[in-house]
Amino acid sequence: MAYRGPIRRWDLFWIDLEPAVGSEQAGDRRPAIVVGSDQVIADSRAIGIVTVIPITKLAGKTRRIFPYEIRLSAGTGGLAMDSIAMPQQIRTVSCLRLIAKIGHLGDVDLQAEIEDGLLVVLGIETD
C-alpha cells in the first residue's frame, strides 16, 4: 500500500525500487531521501512523482565510498543503521513507490553535504 500522507523535502521513506535494471539501486524496501524543493514536490505530487536519493547500509561495503556520497549515522532521520546517501543514484519515481515515512533529516550540515554531492554528480559549479 502506497503512502498517502504529506511529503516534504528531506523526508526519509521506505520505497520500492523494483524492478531495477543493471546497476540501479534495487529492493522492494529501501530507504531514500526526498530532495526536490517543497514547491517542486507540490507540483510533482499533482502528477504523482517525487525525486529521491536512494540510501544503502554502510555495513559490509567492500567498495570505496565516493567523495560525493554522504555518510548518515544510525538514528539520523530515523535510520536504524549507519548508511550512505548516494546522489549518483538520484531518480524521480512514482509516489506509488513510497511505502512508509521513516523520518525527517533536520541536520542542516548534512542537508548541505547532500546538496553539494548532488552538484558534483550533476556537474553544476557554483563558483
query = Can Val34 be described as under 17 Å from Val121 (Cα atoms) and under 15 Å from the mean Cα position of the chain (by Cα)?
reply = yes
ask   = In the stretch 83-93, is there at least one residue being within 19 Å of Ala2 (Cβ to Cβ) and either free of Cβ contacts under 8 Å to residues at least 24 places away in the same chain or surrounded by 14 or more Cβ atoms within 10 Å (Cβ to Cβ) (or both)?
value = yes
inquiry  = Can you find a residue that is without any contact (Cβ under 8 Å) to a residue 12 or more places away in the chain and under 28 Å from Arg4 (Cβ atoms) anywhere in the stretch 25-32?
reply    = yes
ask   = With respect to the numbered conditions (1) assigned to a helix (DSSP H, G or I); (2) modelled with pLDDT of 85 or more; (3) basic (Lys, Arg), which one is the sole condition not fulfilled by Arg9?
value = (1)
Yes/no for Gly48 being at positive phi, touching a residue at least 60 places away in the same chain (Cβ under 8 Å) and touching a strand residue (DSSP E or B) at 6+ places or on another chain (Cβ under 8 Å) = no
query = Counting only residues that are of a type in the set (Asp, Glu) and in a loop (DSSP other than H, G, I, E, B), which one in the stretch 96-127 is farthest from Glu18 (Cα to Cα)?
reply = Asp127
request  = Can you work out which of the residues in the stretch 36-68 that are more than 27 Å from Ser94 (Cβ to Cβ) and charged (D, E, K, R) is surrounded by the most Cβ atoms within 10 Å (Cβ to Cβ)?
outcome  = Lys61
note = Selection over the stretch 26-75 where residues are assigned to a loop (DSSP other than H, G, I, E, B), more than 19 Å from Asp107 (Cα to Cα) and among the small types (Gly, Ala, Ser) yields a count of 5
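The values are calculated or read from the model by the stated rules, or taken from the named source; none is laboratory data. Being a predicted model, the structure only gives us computed values, none of them experimental. Don't worry about glycine lacking a Cβ; one is built from the backbone with ideal geometry, like all the others, and counts go over all protein chains shown.
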